[in-house]
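Chemist: Below is the structure I would like to discuss, written out as structure tokens.
Coordinate-derived values only; no laboratory data. What you see is a predicted model; the values in this text were computed from it and never measured. Using ideal geometry, Cβ is built from the backbone for each residue, glycine included, and neighbour counts are taken over all protein chains shown.
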Amino acid sequence: MDTLEAARQRSAELEELIVKDPSQFRVLTGDRPTGPLHLGHYFGSLRNRVRLQDAGAEVFVLVADYQVLTDRANDSQSASRLDEYVTGLVLDYLAIGIDPARSVIFAHSAVPALNQLLLPFLSLVTVPELTRNPTVKDEIVHSRQAAVSGLMLTYPVHQAADILFGKSNLVPVGQDQLPHLEVTRVVARRFNERYGPVFPVPDALLSDTPLLLGTDGGKMSKSRDNSIPLSASAEDTARIIRTAKTDSEREIGYDPRRRPEVSNLVLMASLCLGRPPQEMAASLRGRGAAGLKQVLTEAVNDLLTPIRARRAELAADLGYVRSVLRAGNQRAGEIAGRTLAEVRAAMGMDY
Ligand code: TRP
């Protein structure tokens, strides 16, 4: 059985355990602040976080600002707009329903004890293990950096610190993050073997939502202008959908392999409306691409209208948004401090 299939099966088991006893889970997820969150994030992971929170799991949401440094040479925009993007992420989290009274929103750069875990963790992985990480390899191919930085190779270990500082045991991720989660599991196991039991070995929780493509048919990406940001206006949404790529067949259908662009728009509408994509396509029979785009625009705007309204309300009080992040940083700092003390004691460094 391949690792993806194994992760899928394990995720199905975990879903049952979440229903039975959500309080046994501490969840950590996060995003790089490199641009506004979009509809792909919403269906792929954001709504899942709210579901876990509302089910009663303890949820930590990480603004992975240090991780932006891995691609900074590639993307100077993210560097100069970091503050704006960080604030935007927090606004998005709050607007979709992450509740700071129950969940912790924090930025890892603001949690010194978390970052200090990186040192012992780096000693637990080998250079060949770091260089064969397929997601890192892929990022190296796509980055235009002249040479690979040390952070590019080691950020998956930093990610282990993100997860393990709070002893999180459940990490909702997309498929591309599975190799990173494997690094975390290796670090946790090796630490426990060498120094005694301190860390849980966390599980990945894969979302069963099929991947949304961008409106150009390529990978949906914060930086490619092919996505619908949660914060976009209704007019912008209509414009983005109007310019979305379709094909020359007259009938709408759902056939992702043969007609990826049209099928993707059908899928987007079906996710917004909570209907199976085949049924969605059937309901559009005889209406063509223009009809599909009209239905999709309405569906997206209906879904996002309350989220945008809440976001606008929050954006009018940035002092509050800051205070949420500060309180989250502080709470994460307390937890990380306790874990670091335990780690140092386990390593015989508690002088
Ligand atoms: N690498 C993730 C991304 O690019 C963000 C991230 C950082 C993360 N640390 C994490 C995700 C820990 C899950 C767990 O989206």
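Chemist: Starting from the amide H of Leu205, placed 1.01 Å from N in the peptide plane, find each other amide H under 5 Å away whose residue is 5 or more places distant or on another chain.
Modeler: Those lying under 5 Å, H to H, from Leu205 are Val171, Val173.
Chemist: While we're on this one: Which longest uninterrupted range of the chain lacks any GluC sites (Glu not before Pro) assigned by DSSP to a loop state (not H, G, I, E or B) and surrounded by at most 16 other Cβ atoms within 10 Å?
Modeler: 1-248
Chemist: Have a look at Ala238, Val187, Ser227 and report the one farthest towards the positive end of the charge dipole of the range 180-239, computed about the Cα centre with Cβ charges (Lys/Arg +1, Asp/Glu -1).
Modeler: Going by the Cα projections, it comes out as Val187.
Chemist: Could you work out how much longer the chain between Arg10 and Arg287 gets when fully extended? Use 0.36 nm per residue separation minus the Cα distance between them, nm to one decimal.
Modeler: 95.6 nm
Chemist: Taking amide H positions as placed 1.01 Å from N in the peptide plane, with prolines and chain starts having none, which residues 5 or more places from His38, or on another chain, fall under 5 Å of its amide H?
Modeler: Leu230
Chemist: Between 0 and 90 degrees, rounded to the nearest ten: what's the tilt of helix 82-96 against the longest Cα principal axis of the chain?
Modeler: Taking Cα atoms only, the helix is inclined about 70 degrees.
Chemist: Grab the DSSP H runs of the chain that are 4 residues or longer, score each as -39,500 (n - 2.57), total them, divide by all residues and round the 222 nm result to the nearest 500 deg cm²/dmol.
Modeler: -17000 deg cm²/dmol
Chemist: Could I ask something else about it? Positive end of the dipole of the range 203-291, charges at C-beta (+1 Lys, Arg; -1 Asp, Glu), about the Cα centre: which of Ser270, Ala204, Ala290 has its Cα farthest in that direction?
Modeler: Ala290
Chemist: How high is the FRET efficiency between Ala341 and Lys20 when r is their beta carbon distance and R₀ equals 30 Å, given to the nearest 0.05?
Modeler: Computed FRET efficiency for Ala341 and Lys20 comes out at 0.35.
Chemist: To continue, here is another question. Between the range 269-337 and the range 1-62, what is the separation of their alpha carbon centroids in Å?
Modeler: Cα centres, the range 269-337 to the range 1-62: 17 Å.
Chemist: 5 Å is the cut-off here: which amide hydrogens, built 1.01 Å from N in the peptide plane, fall below it relative to Lys219, excluding neighbours closer than 5 in sequence?
Modeler: Gly214
Chemist: Of Leu118, Leu4, Leu130, which is farthest along the charge dipole of the chain in the positive direction, counting Lys and Arg as +1 and Asp and Glu as -1 at C-beta?
Modeler: The one lying farthest along the dipole's positive direction is Leu130.
Chemist: Starting from the 7 Å offset along Cα-to-Cβ, what nm value, one decimal, do you get for the label separation of Arg144 and Ser207?
Modeler: Rounded to a tenth, the inter-label distance reads 2.9 nm.
Chemist: Let me ask you something else. Which shape class, rounded, prolate or oblate, goes with the chain when its Cα gyration tensor gives a ≥ b ≥ c as root eigenvalues, a/c under 1.5 marks rounded, and past that a/b bigger than b/c marks prolate?
Modeler: Prolate, because a/c is 1.5 or more and a/b exceeds b/c.
Chemist: Let me ask you something else. By DSSP, what percent of the beta bridges with both residues in the chain are antiparallel, rounded to the nearest 5?
Modeler: Around 10 percent of the beta bridges assigned by DSSP in the chain are antiparallel ones.
Chemist: For the pair Ser80 and Arg102, what calculated FRET efficiency results from E = 1/(1 + (r/R0)^6), where r is the Cβ-Cβ distance and R0 = 35 Å, to the nearest 0.05?
Modeler: 0.55
Chemist: Tell me the label-point distance for the pair Ala327, Arg258, using the 7 Å Cα-to-Cβ offset, in nm and rounded to one decimal.
Modeler: Placing both labels 7 Å beyond Cα along the Cβ direction yields 5.5 nm.
Chemist: Let me confirm the definition first: pairs of Lys residues in the chain, 8 or more apart or on different chains, C-alpha distance under 21 Å. How many are there?
Modeler: The result is 7.
Chemist: So what are the ³J(HN,Hα) numbers for the range 35-46, from phi and the Karplus equation (6.51, -1.76, 1.60; θ = phi - 60°), rounded to whole Hz, Gly and Pro as x?
Modeler: So the J values, rounded to whole Hz, are x, x, 6, 10, 4, x, 4, 4, 6, x, 8, 5.
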